[in-house]
Amino acid sequence: MSEPRANKDRGPGGPTSPAPGSRWADLDRPPLDPRALRRALLVPGGLWTRLDVTERTGSTNADLAAAAARGEAAAGTVLIAEEQTRGRGRLGRSWSAPARSGLFFSVLLDPERAGVPARRLGWLPLLAGVAVATSLARTAGVDTSLKWPNDLLVEVDGAERKFGGILAERVAQADGAVVLGIGLNVSLRAAELPVPQAGSLLLAGARTTDRDPLLRAVLRALAEWYGRWTSVAGDPDTSGLHAAYAAGCATLGRRVRAELPGGGELRGEAQALDGDGCLVIATAEGTRHEVAAADVIHLRAT
């Protein structure tokens, strides 16, 4: 990584400001240090085996999935982008933000090879949500809640705001490995939000927006939870994942509208998660439905 130039750049009035477009142009958003991250996270016996930082890309999920399909990325690979221009959320939604204003990264995992049966893979994005929420509570001092299945929420000015999302995708050409993408708005200011209903750690009053310790904390928590989960064949109860997710989930106990894939919707109370991570919704007619995938909207109490 290139460093800021030293005293030779001083002019009559003091240090020269970084050139426009430089990675150091916004001093509130310094670049990540790949070498320091590798020293901290690529440890013997650890989950993470390779870590790369790219300046700008369309989608880290797409890049990592393509590398895995070509046999150029193995389980444990981490790919981070300083700027992501075509990040993807659920239902094809886009995810973009100013350079170095957030954490945009993907990891390659192989839970089935680690002994997790396919029916339990729905817990993987939920596991990632728990890892993010618990690590940010410790590192940033921000209370983060989880919206099923893969949104991350903070409170800004008394309102619930989405500041992050998770996307898990199978890579068929890589024997079913999974690319898990995580995007978090860290230092976005109000004027930079993609929609007024969005949020960021900065706007939620985080005690730090230094992305380096935040990223380290998230990846360490993700490795810890993943190891706990895979060591018991993905059992959500024995691993403690079911209880941890339920404790931090803002969806449970709420009235919701679930927009189902392919059309249709369900309205009712989100009552529980079943053993496969599906959301159990009880309708006003008294029927219970297990929903494996949906776009869930929290409804106001009437």
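The values are calculated or read from the model by the stated rules, or taken from the named source; none is laboratory data. What you see is a predicted model, and the numbers here were worked out from it, not measured in a lab. FYI the Cβ positions are ideal-geometry reconstructions off the backbone, even for glycines, and counts take in every protein chain you see. Accessible surface areas use protein heavy atoms only, side chains included; no ligands, DNA or RNA. Shrake-Rupley method; radii C 1.70, N 1.55, O 1.52, S 1.80 Å.
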Task: Where a residue in the range 149-178 is closer than 21 Å to Arg86 by Cβ and its partner, wherever it lies, is surrounded by fewer than 16 Cβ atoms within 10 Å (Cβ to Cβ) and among the polar types (S, T, N, Q), with Cβ under 6 Å and at least six apart - done: none
- [ ] Those residues that are of a type in the set (Val, Ile, Thr) and modelled with pLDDT under 95, I need them from the range 244-302; list them, please.
- [x] Thr302
TODO: Considering every residue within the range 250-267, establish whether at least one is under 18 Å from Leu127 (Cβ atoms), under 23 Å from the mean Cα position of the chain (by Cα) and assigned to a helix (DSSP H, G or I).
DONE: no
- [ ] Taking the residues in the range 260-281 that are in contact with a Lys or Arg (Cβ under 9 Å, 6 or more places away or on another chain) and not aliphatic (A, V, I, L, M) as candidates, determine which candidate is surrounded by the most Cβ atoms within 10 Å (Cβ to Cβ).
- [x] Gly277
Task: Which listed residue, of Arg216, Arg170, Arg228, is outside any loop (DSSP other than H, G, I, E, B), surrounded by fewer than 23 Cβ atoms within 10 Å (Cβ to Cβ) and in contact with a helix residue (DSSP H, G or I) (Cβ under 7 Å, 6 or more places away or on another chain) - done: Arg216
Open item on the list: Checking Arg189 against (1) surrounded by 16 or more Cβ atoms within 10 Å (Cβ to Cβ); (2) at pLDDT 95 or above, only one condition comes out false. Which one?
Closed with: (1)
Open item on the list: Among the numbered criteria (1) open to solvent by 50 Å² or more (accessible area, probe 1.4 Å); (2) free of Cβ contacts under 8 Å to residues at least 24 places away in the same chain; (3) not in a loop (DSSP other than H, G, I, E, B); (4) not β-branched (Val, Ile, Thr), which one does Ala284 miss?
Closed with: (3)
Task: Of residues in the range 91-131 being part of a helix (DSSP H, G or I) and open to solvent by 50 Å² or more (accessible area, probe 1.4 Å), the one modelled with the lowest pLDDT - done: Leu91
Open item on the list: Scan the range 52-69 and tell me whether some residue there is out of contact with any Leu (no Cβ under 6 Å at 6 or more places or on another chain), at pLDDT 70 or above and part of a loop (DSSP other than H, G, I, E, B).
Closed with: yes
- [ ] Among what's in the range 231-244 and is in a loop (DSSP other than H, G, I, E, B) and not hydroxyl-bearing (Ser, Thr, Tyr), pick the residue that is nearest to Arg29 (Cα to Cα).
- [x] Gly240
Task: Residue that is modelled with the lowest pLDDT [pool: residues in the range 71-90 that are among the small types (Gly, Ala, Ser) and either at negative phi or open to solvent by 30 Å² or more (accessible area, probe 1.4 Å) (or both)] - done: Gly89
